[in-house]
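Take a look at the structure set out below.
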Amino acid sequence: MGLKLFLDSADRTAWAECLPLGLFSGITTNPSLLKASKESSEIINFRRFVKEAEQLGIKELHIQAWGETATKIIDCGFALAQLATPSIKVFIKIPITKNGTKAAKILIASNIAVTLTACFEAEQALIASALGASYIAAYLGRINDHGKDGEKELISMQKILKESESNCQLLVASIRNKSEITRLSHQGINNFTIRKEIAQDLFNVKATIEAADLFEKDAL
């Protein structure tokens, strides 16, 4: 299974800037990203999201369901899942809480793809594996902020998923710099969701830029 990058953004300007690069398999969003981009959480707005993502060639769109109870999360998840098209798959993001896992169980049983999110501890990979989630999104930077070794936790999660023969994939979020992607890739972790700034920094290689400029000068 090859490397997959996702753009972690609800900013359509960032979409237009980054997605044509061809690096990204999908987009991940959540209510906080929507709020930061001044986007509403209304279904009609998500329909526009899906249409624009589809036009930009995206294959996966991860949208977070919300609700104060498991029933409300389930209803929201079903509504969001209906936004899928023949060319773009919608994954329903759900935090790993008791209400979240109750909702995830029902959605997964209805053949709806679920990404469990807000993962901070390796043991939470056990929940994702047992439920049969498609992805588990772990917050690398924020795990570090809580005083733990984020990379060590993620490597443990990956080991749990592999040794339990789970089809669930680890999706690394809250990435602070591109070197974290390199180190985790060496550990067999292949799915990363990144901000626009990290995507831009992947191309920030001075020697390559200088070489390309020289090629252009010599071509003239």
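The values are calculated or read from the model by the stated rules, or taken from the named source; none is laboratory data. Because the structure is a prediction, the values reported are computed rather than measured. Every residue, glycine among them, receives a Cβ derived from its backbone with ideal geometry; neighbour counts consider all protein chains shown. Remember, those area values only see protein heavy atoms, side chains included, never the ligands or the DNA or RNA. Shrake-Rupley method; radii C 1.70, N 1.55, O 1.52, S 1.80 Å.
The table for this structure:
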item	result
Filtered residues of segment 14-53 (kept if open to solvent by 70 Å² or more (accessible area, probe 1.4 Å) and either under 19 Å from ALA199 (Cβ atoms) or of a type outside the set (A, V, I, L, M, F, W, C) (or both))	GLU17, PRO20, LEU21, SER32, LYS35, ALA36, LYS38, GLU42, ARG47, ARG48, LYS51
Residues within segment 57-92 that are over 14 Å from GLU42 (Cα atoms) and open to solvent by less than 20 Å² (accessible area, probe 1.4 Å), tallied	9
Qualifying residue in segment 189-198 (condition: among the hydroxyl-bearing types (Ser, Thr, Tyr) and open to solvent by less than 30 Å² (accessible area, probe 1.4 Å))	yes
Segment 178-199, residues that are out of contact with any helix residue (DSSP H, G or I) (no Cβ under 7 Å at 6 or more places or on another chain) and without any contact (Cβ under 8 Å) to a residue 40 or more places away in the chain	SER179, ILE181, THR182, HIS186, GLU197
Qualifying residue in segment 206-215 (condition: more than 17 Å from LEU5 (Cβ to Cβ), in contact with a helix residue (DSSP H, G or I) (Cβ under 7 Å, 6 or more places away or on another chain) and open to solvent by less than 60 Å² (accessible area, probe 1.4 Å))	no
